[in-house]
Amino acid sequence: MKLSTKNLYIVSTPIGNLDDITIRAIDVLKKSDIILCEDTRHSLKLLNHLKIKKKLISYHKFNEKHELENIIKYLKDGKILSLISDAGTPALSDPGRLLIQTCIEKKINIVPIPGASSISTSISISGFKDQFLFYGFLPKTEKELEKILSSLSQYSFSQVFFIPAIKINFYLKYFKKFFFGRKILVARELTKLHESFYRDDIDKINMFKTPIKGELTVVISEKDNKDKFFNEDKIIKKARIFLKKYSLKDVVELLFELEKVNKKKIYQICLNIKKNEKNN
């Protein structure tokens, strides 16, 4: 296959197993003049495996603005450039969006070379509905995390997140709070030697007693909208949590949006909780 000059190729690379790369991706990397990569040391492992020797330029979130002008110049000079990430499809929770936007503005052709992605891989083995939302890495602060999950929990679709292994228990605590009644899949080290999966109801899954290592992709199942009976215990549990931080009015609105059940009953439950707290 002959590659056109002045093109930026967005090349998907393996997410773990080095053999999970397409023939087309290998051909493009071999014919590229320059390969942009997050970590040159990491990418060299793949390129050495494929017996490819090319000029590598480090391109990551800390230098993408600084390198942008040089990269655009290379493209305008007729160089064939490929962008890869450390793993999977570039620009999905990885650097690349700024470069792609600039190429669009400057009428530089962008060519996708599809392949591995931990997002589609985890969804494909989840058993959950394939109508899903991908969020990526969640906020690290509790206030911002609660705000985001409160919003996301209102959607009935399956949802995909990237979670640092060391923080899994921190995020599980909030998943239990906002995705009550759904199922969860924790996919660890996808396609690698120590690949493993943890499946359970969010309400039942235990915190990890020993630290786990590796990269985690977490999938939350779709909301079950079939069962619309009024689960009073469930409402009380959520109301007690929400009332610690939000007003009575806001909690009633939030629970109504989440549960889609009788609003007057929700209000009465919240009011009773407030009264009991005041009397105790």
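Just so it is clear, none of the values below were taken in a lab; they were calculated from the coordinates. Everything numeric in this text was worked out from a predicted model, so none of it was measured. FYI the Cβ positions are ideal-geometry reconstructions off the backbone, even for glycines, and counts take in every protein chain you see.
Data for the structure
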read-out: Cα gyration tensor category, rounded, prolate or oblate, for region 35-77 with a/c compared to 1.5; value: oblate
read-out: CD proxy at 222 nm, helix term only [per DSSP H run n ≥ 4: -39500 (n - 2.57); per residue of the chain; nearest 500]; value: -12000 deg cm²/dmol
read-out: Added length on full extension, which subtracts the Cα-Cα distance from 0.36 nm per residue, Asn169 to Phe137; value: 10.0 nm
read-out: FRET E, pair Asn48, Lys147, Förster distance 45 Å, beta-carbon r, rounded to 0.05; value: 0.50
read-out: FRET efficiency, 1/(1 + (r/R0)^6) with R0 45 Å, evaluated for Ser124 and Lys244 via beta carbons; value: 0.70
read-out: Formal net charge of residues neighbouring Pro164 (Cβ-Cβ distance under 13 Å; K, R +1; D, E -1); value: +3
read-out: Given Lys143/Lys192; Lys167/Lys192; Lys129/Lys238; Lys143/Lys234; Lys129/Lys192, the pairs whose alpha carbons are separated by over 32 Å; value: Lys143/Lys192
read-out: Max mean-square fluctuation residue, GNM over the chain, Cα-Cα springs under 10 Å, options Asp39, Asp233, Asp86; value: Asp233
read-out: Rounded to 10°, Cα long-axis angle of helix 168-178 versus longest principal axis of the chain; value: 50 degrees
read-out: Residue-count net charge about Lys147 - beta-carbon cut-off 14 Å; Lys, Arg +1, Asp, Glu -1; value: 0
read-out: Flagged links, alpha-carbon separation over 26 Å, of Lys176/Lys209; Lys54/Lys213; Lys147/Lys173; Lys147/Lys176; Lys55/Lys106; Lys61/Lys140; value: Lys54/Lys213
read-out: Per-residue ³J(HN,Hα) for region 111-127, Karplus 6.51 cos²θ - 1.76 cosθ + 1.60, θ = phi - 60°, Hz, x for Gly and Pro; value: 10, x, 10, x, x, 5, 8, 5, 5, 5, 4, 5, 5, 5, 10, 6, x
read-out: Cut-off 13 Å, label 7 Å out along Cα→Cβ of Asp224, residues of region 146-180 by amide N; value: 180
read-out: Cβ-Cβ FRET estimate between Val261 and Met207, R0 fixed at 30 Å, reported to 0.05; value: 0.55
read-out: Arg188, Arg240 arranged by Cβ crowding within 10 Å, fewest neighbours leading; value: Arg240, Arg188
read-out: Whole-Hz ³J(HN,Hα) from phi, Karplus 6.51 cos²θ - 1.76 cosθ + 1.60, for region 46-53, glycine and proline x; value: 5, 5, 5, 4, 8, 6, 10, 10
read-out: Whole-Å semi-axes of region 232-279's equivalent ellipsoid (Cα gyration tensor); value: 16, 11, 9
